[in-house]
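To start, the structure under review is shown below, and the notes come after it.
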Amino acid sequence: MSNQVTKPNSGRVFKTAWFSKAAKKAHIPDSELREAITQVIQGLADDMGGGVFKKRLNGNMHRSIILAKGGRHWVYEYLFAKQDRSNIDMDELAGFRVIAKAYAKLSDGQIEQLLVNKDLWEIRNDG
C-alpha cells in the first residue's frame, strides 16, 4: 500500500556501505537511487509501516528497502533480486523498523561520523 510521505523536500539520502556494494554489483547508479527517493516521497512505493519502504529498482529486477523516520534521513538499507525472493519476512521487517527508529534519533554529528567511517555514503543531487 502506498502512502504520501510528509515533508517531501526535507532530509538527506544515504546508502549503507553494504547497500553501496550490492547496488554497484547490480549496476544501479546513484542517479536511479535519487529518482527512486523522489518517487517514494510521492507515494510510489510500498509503505511497510514504521518508516520502512520497499521500492522497485533496476527495471523491476531488484527491490530496495529504504528506511525513513521523521523526514530527516532516507537510508537505502537492503537490496535483493526479485528472482531470489519475493519479499522480506516479518522478523526482518521488525528489525528494519527498529533500525529506522535508531536512524531518526541520530544527531548531525553522529551522521557525520558514520560518513567519515564509511558506514554510510551520502547520495547527493549534485552527482
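The values are calculated or read from the model by the stated rules, or taken from the named source; none is laboratory data. Predicted, not measured: the structure shown is a model, and the values here were computed from it. In this analysis, Cβ positions are derived from the backbone assuming ideal geometry, glycine residues included, and neighbour counts consider all displayed protein chains. Just the protein is used for accessible areas: all its heavy atoms, side chains included, with ligands, DNA and RNA removed. Shrake-Rupley method; radii C 1.70, N 1.55, O 1.52, S 1.80 Å.
Identify, please: which residue in segment 84-127 is aromatic (Phe, Trp, Tyr) and in a helix (DSSP H, G or I) and is, among those, farthest from Val52 (Cα to Cα)? Here the answer is Tyr103.
Residues of segment 72-98 that are out of contact with any strand residue (DSSP E or B) (no Cβ under 6 Å at 6 or more places or on another chain) and of a type in the set (Val, Ile, Thr): Ile88, Val98. Taking segment 26-54 as the range and being open to solvent by less than 20 Å² (accessible area, probe 1.4 Å) and in a strand (DSSP E or B) as the test, the residues that pass are Val52, Phe53. Residues in segment 3-19 that are modelled with pLDDT of 50 or more, open to solvent by 30 Å² or more (accessible area, probe 1.4 Å) and not hydrophobic (A, V, I, L, M, F, W, C): Ser10, Gly11, Arg12. Being touching a Gly at 6+ places or on another chain (Cβ under 7 Å) and either without any contact (Cβ under 8 Å) to a residue 40 or more places away in the chain or of a type in the set (S, T, N, Q) (or both) is a condition met by no residue of segment 80-103. Which residue is most open to solvent (accessible area, probe 1.4 Å), if the candidates are limited to segment 82-96 and must be among the small types (Gly, Ala, Ser) and at pLDDT 95 or above? In this case the residue turns out to be Ala94. Among residues of segment 104-127 that are over 13 Å from Arg12 (Cα atoms), those with a beta-carbon under 6 Å from a residue that is assigned to a strand (DSSP E or B) and not acidic (Asp, Glu) at least six positions away or on a different chain give the pairs Leu114/Leu120.
Number of residues in segment 55-68 that are surrounded by fewer than 20 Cβ atoms within 10 Å (Cβ to Cβ) and either over 12 Å from the mean Cα position of the chain (by Cα) or modelled with pLDDT under 95 (or both) equals 4. Here Ile41 fulfils each of the conditions (1) at negative phi; (2) at pLDDT 95 or above; (3) out of contact with any helix residue (DSSP H, G or I) (no Cβ under 9 Å at 6 or more places or on another chain) apart from (2).
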